[in-house]
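Report on the following structure.
Laboratory data are not the source of any read-out in this text; all were calculated from the coordinates shown. These numbers were taken from a predicted model, which means no experiment stands behind them. Note that we place each Cβ from the backbone using ideal geometry, even for glycine, and neighbour counts take in every protein chain shown.
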Amino acid sequence: MKKIGLRVNPVDKRVDSFLPKIIEDLAYFSIEPIILNEDAEQKGMYVEKKAYLKDDLDLLVVLGGDGTILNAGRMSAMSQVPILGVSIGSFGFLTSTDISGFRETFKSVIEGNFILEKRPLLEGLIKEKCFLSVNDFVVSHHGHSSVSPFEIRIDKSVLKYKGDGLVISTSTGSTAYNLSAGGPVVDPEMSCMLLTPICAHLIGVRPMVISDKKVLVSAIKSKKYSLSVDGQHAVDFSNLESLEVRISDLFFKLIRSQQSSDFWTVVKEKFHWGN
């Protein structure tokens, strides 16, 4: 691995103090990273001029938290470049190491001692606009309207309910908004889609886990609805438009060292399941 991209959290001020350590650790292996942040040049960092994210990168190192990795995951989806997440705060679900352990982790990676996880992405389509999601799509009524009716089509079945919205989650996103809305925790490498109603009007409307099927979500009454992509990008659409969601043919590729905690160990620690 010689061609390494580096993307950092653009707003966290701690990055300015941690970035030199990452660059120093990479220089130890005779690697000069390609900085992929839009504001990198203003900060005096080396910037690849030819492309925002080149297809021939061997690895993308992401310095930040899970939110930065979600953004990088969508950015790297088309090129399928694997991501190594480095935490600058509390250990997240998607980071493999922290600053202090980065050099040792990177050494293991270039020696081939790593685990490559291929996690399914969701693809959402509204008319001709296509969106990719690492965690989830969230459909909710626009503004301060009352409880809204939603229609979900799965194959030939039509399901209707009233509520505040719907979380359509990947298996990776099962521990995010999906979990807060009452959905289940799912192994992140499972190829499935989670449909979790938000504050449904009837108690019998429960979360669903479905296989690789196309799902159509329609908003029936309110004039405008909002689509949130990974909680980072929002789009408005009308009740005359449907959101079509399916599991993408692309993957979110995540690299973990052999020494990093597996998913269920992180879940246990985060949610205090057991001692």
Can you list the aspartates and glutamates whose alpha carbon is less than 13 Å from that of residue 2, not counting same-chain residues fewer than 8 positions off?
32, 56, 58, 111
Neighbour-count order for 269, 128, fewest beta carbons within 10 angstrom listed first
128, 269
Given 127/160; 3/253; 160/268; 214/268, which pairs have Cα atoms separated by over 25 Å?
160/268; 214/268
Would you mind ranking 18, 271 so that the residue whose beta carbon has the fewest other beta carbons within 10 Å leads the list?
271, 18
Give the Cα extents of the chain along the principal axes, in whole Å, largest first.
59, 47, 32
Looking only at the chain, where both bridge partners belong to it, what percent of the DSSP beta bridges are antiparallel (to the nearest 5)?
80
Listing 34, 110, 69 from the residue with the fewest other Cβ atoms within 10 Å to the one with the most, what is the order?
110, 34, 69
Over segment 122-249, volume per residue of the alpha carbon convex hull, in Å³:
100
Scan segment 185-270 for chymotrypsin sites (Phe, Trp or Tyr not before Pro) in coil per DSSP, keeping those whose Cβ has at most 11 other Cβ atoms within 10 Å, and list them by number.
none
What net charge do the residues around residue 189 carry, taking every other residue with its C-beta under 12 Å from that of residue 189, with Lys and Arg at +1 and Asp and Glu at -1?
+1
With charges only on Cβ, +1 for K and R and -1 for D and E, what is the dipole size of the chain about its Cα centre, in debye, rounded to 20?
720
Using helices alone, what [θ] at 222 nm do you get for the chain, with -39,500 (n - 2.57) per DSSP H run of 4 or more residues, divided over all residues and rounded to the nearest 500?
-5000 deg cm²/dmol
